[in-house]
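Worksheet: the structure to be examined is printed underneath.
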Amino acid sequence: MNKPKVLISRRWPASVEAKLQALYDVTLNTDDHPFSADEFRAALQDYDAVCPSVCDSLPAEVLNVANKRCKILGNFGVGYNHIDIAAAKQQGLIVTNTPGVLTQSTADIAMTLLLMSARRGAEGDRLVRAGQWTGWCPTHMMSSDVTGATLGLIGFGRIAQAMARKAHHGFGMKILYLKPSPADPAIVDELQAERCDTLEALLPQCDYVSLHCPGGNETRHLINENTLNLMKPSAHLINTARGDVVDSKALIKALQEKRIAGAGLDVYEGEPNIDPGFLTLDNAALLPHLGSATIATRTAMGEKVLANLRAYFSGAELPDRVV
Ligand SMILES: O=CC(=O)O
C-alpha cells in the first residue's frame with residue numbers, strides 16, 4: 001500500500017523530520033519559505049495530511065478548495081487562530097494542535113520579557129553596544145522592582161499558571177487573574193491567587209499585566225486606549241499570546257506618552273511586519289515570537305504532530321483534536 005502523503009509547511013527539527021520520513025511519503029519545504037495561499041490550495045488537493053505552523057494563514061477561501069485530498073491539518077503550535085476552524089469543520093477537515101509541551105518555555109519567555117521590561121534590559125544592551133555607557137552612576141537607568149510586585153494574568157490556562165508559579169514562588173509576586181470561571185482551587189490555594197471579574201477591576205491593581213488568552217475575534221484589541229488608561233503609569237504590559245489582542249497604535253501612543261512604563265512583546269499584529277512605531281521606543285523590549293523556541297520544545301511539538309498523524313492513519317483516537 002502507498003504511504004500517506006504528508007506535507008510540512010516549514011522546516012522542523014531534523015530528528016522529527018527523519019521520523020516522519022520513515023513513516024510517510026513526506027515533502028519538506030526545503031528552503032523554508034512561507035507558503036502562499038495558492039501553495040496551500042495545491043497542498044490540500046495533493047496531500048493526505050498538511051501540517052501548517054502558527055505563522056501560516058488558512059482562511060476559508062484557502063480551505064474551501066475543490067477536489068480536496070487532505071483530511072487532516074496537523075498544526076505545529078498550540079494556537080490555531082490562523083486557521084478558520086468553522087470553515088475547516090464545514091469542509092470535514094480534522095485539525096490538531098500541540099498543547100502542553102510548550103507551556104514552560106513560553107512561560108519562561110513571558111518572565112524574560114517581564115524582567116527585561118522592568119529592569120530596562122533591552123535598553124541597557126542597546127546603550128552598551130552603542131558605546132554610550134559612561135560608567136556606574138547612582139541615578140543611571142533606575143528601574144522597577146519585580147520581587148514582591150503584583151502580576152495580573154489575563155487568561156489563566158496552562159501557560160498563565162506556569163508563569164504565575166515562577167512569579168509567585170521565584171519572585172514573591174502577588175497573583176491576580178482574569179478568567180470567566182474560578183480556577184482549580186488547588187492552584188488558587190498554592191499561589192494565594194485572587195480572581196477578578198473584569199479587566200476594569202484587575203488592571204488598576206497591577207504592576208505587571210501579562211496576556212495569556214487565545215487570539216481571534218473575541219479578544220481582538222482587548223487591550224486598547226481605554227483599557228491601557230486603566231493601568232498604572234508605573235505598570236508594564238507583557239504579550240506572549242497573540243499580537244491582535246493588543247491595539248498596536250494605542251500601545252505605541254501609551255508608551256510614547258509614558259501613560260504606562262513599559263512593554264515586553266513577543267507577538268505583534270500582522271507579524272512579522274512590526275509597526276515601525278515600536279522600533280523607536282526605548283521602553284519596549286521586543287522579541288521575534290520566541291515563546292516556544294527551545295530545541296527541546298520545538299522537537300516535542302513536532303513529536304506531538306507526529307503522534308496525531310499516527311493516530312489518524314491507524315484509526316485511533318486523536319490525542320489533540322481541535323475539531
Ligand atoms: O505561538 C505559538 C503557538 O501557538 O504554539
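For the range 30-67, name all the residues that are more than 16 Å from the ligand (Cβ to nearest atom) and open to solvent by less than 10 Å² (accessible area, probe 1.4 Å).
Correct list: F40, A43, L44, A49, V50, V62, L63.
Output the qualifying pairs, or none if there are none: Cβ atoms under 9 angstrom, residues six or more apart or on different chains, first residue in the range 8-28 and without any contact (Cβ under 8 Å) to a residue 24 or more places away in the chain, second residue in a helix (DSSP H, G or I).
R11/E17; V26/E17; V26/L20; T27/A43; T27/D46; L28/E17; L28/L20; L28/Q21
When the range 137-192 is examined, which residues are found to be surrounded by 16 or more Cβ atoms within 10 Å (Cβ to Cβ) and on the phi > 0 side of the Ramachandran plot?
Once the filter is applied, which keeps residues that are surrounded by 16 or more Cβ atoms within 10 Å (Cβ to Cβ) and on the phi > 0 side of the Ramachandran plot, the range 137-192 yields only G155.
This table checks each residue for (1) within 16 Å of the ligand (Cβ to nearest atom); (2) crowded, with 17+ Cβ neighbours inside 10 Å; (3) modelled with pLDDT under 95.
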{"residue": "A284", "(1), (2), (3)": "no, yes, no"}
{"residue": "P288", "(1), (2), (3)": "yes, no, no"}
{"residue": "S292", "(1), (2), (3)": "yes, yes, no"}
{"residue": "R298", "(1), (2), (3)": "yes, yes, no"}
{"residue": "K304", "(1), (2), (3)": "yes, yes, no"}
{"residue": "N308", "(1), (2), (3)": "yes, yes, no"}
{"residue": "A311", "(1), (2), (3)": "no, yes, no"}
{"residue": "A316", "(1), (2), (3)": "no, no, no"}
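So, in the range 180-234, exactly how many residues are in a loop (DSSP other than H, G, I, E, B) and of a type in the set (A, V, I, L, M)?
So the answer is 5.
So which of G264, G270, G216 is within 16 Å of the ligand (Cβ to nearest atom), in contact (Cβ under 8 Å) with a residue 60 or more places away in the chain, open to solvent by 10 Å² or more (accessible area, probe 1.4 Å) and not basic (K, R)? Lay out the reasoning, then the answer.
Values: G264 fails: open to solvent by 10 Å² or more (accessible area, probe 1.4 Å); G270 fails: in contact (Cβ under 8 Å) with a residue 60 or more places away in the chain.
When all the criteria are applied, what remains is G216.
The values are calculated or read from the model by the stated rules, or taken from the named source; none is laboratory data. Quick caveat: nothing in here was measured; it's all calculated off a predicted structure. Don't worry about glycine lacking a Cβ; one is built from the backbone with ideal geometry, like all the others, and counts go over all protein chains shown. Quick note on the areas: whole protein, heavy atoms, side chains included, nothing else; ligands and nucleic acids left out. Shrake-Rupley method; radii C 1.70, N 1.55, O 1.52, S 1.80 Å.
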